[in-house]
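J.: Can you read through this structure? Questions will come right after.
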Amino acid sequence: MLFRSIQTLNDNEREVINFLIKEGGTATQAKIRHNTGIAKTSLFRCMQSLEKKNIVISESIGKMKRCHLTDFLVSKE
């Protein structure tokens, strides 16, 4: 798999993307926060930004949020 350039992302966004890639493309927001060390509010803003860029999709499951990478980053070539 080839990944498209993620140079336009800020440091927190890159860290979240790299963590999700290591986790197979999906993880809970709490797991992302605990493993990356990003503050709760900063992570929330980061996830909103990634969703607007169509890189991540978040779904609510009760009080938990599960985050998935979209196919946007993955090249078919």
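J.: Scan around residue 27 for amide H atoms under 5 Å from its own, H built in the peptide plane at 1.01 Å from N, and keep only partners 5 or more places away or cross-chain.
T.: 67
J.: Related question: Starting at the first residue of the range 43-60, write each ³J(HN,Hα) from the Karplus equation 6.51 cos²θ - 1.76 cosθ + 1.60 with θ = phi - 60°, in whole Hz, x for Gly and Pro.
T.: Karplus-based 3J(HN,Hα) across the range 43-60 equals 5, 4, 5, 4, 5, 4, 5, 5, 5, 4, 7, 6, 9, 10, 10, 10, 10, 8 Hz.
J.: A further question on this structure: Using the Kirkwood radius built from alpha carbon pairs, what does the Stokes-Einstein equation give as D for the range 1-70 at 37 °C and 0.692 mPa s, in µm² per second?
T.: For the chosen part, D equals 273 µm²/s.
J.: Express the relative contact order of the range 17-77 as a whole percentage, based on alpha carbon pairs under 8 Å and six or more residues apart in sequence.
T.: For the range 17-77, the relative contact order is 37 percent.
Any read-out appearing in this document is the output of simple, stated calculations on the displayed coordinates, not a laboratory observation. Nothing here was measured: the structure is a model prediction, and the numbers come from that model.
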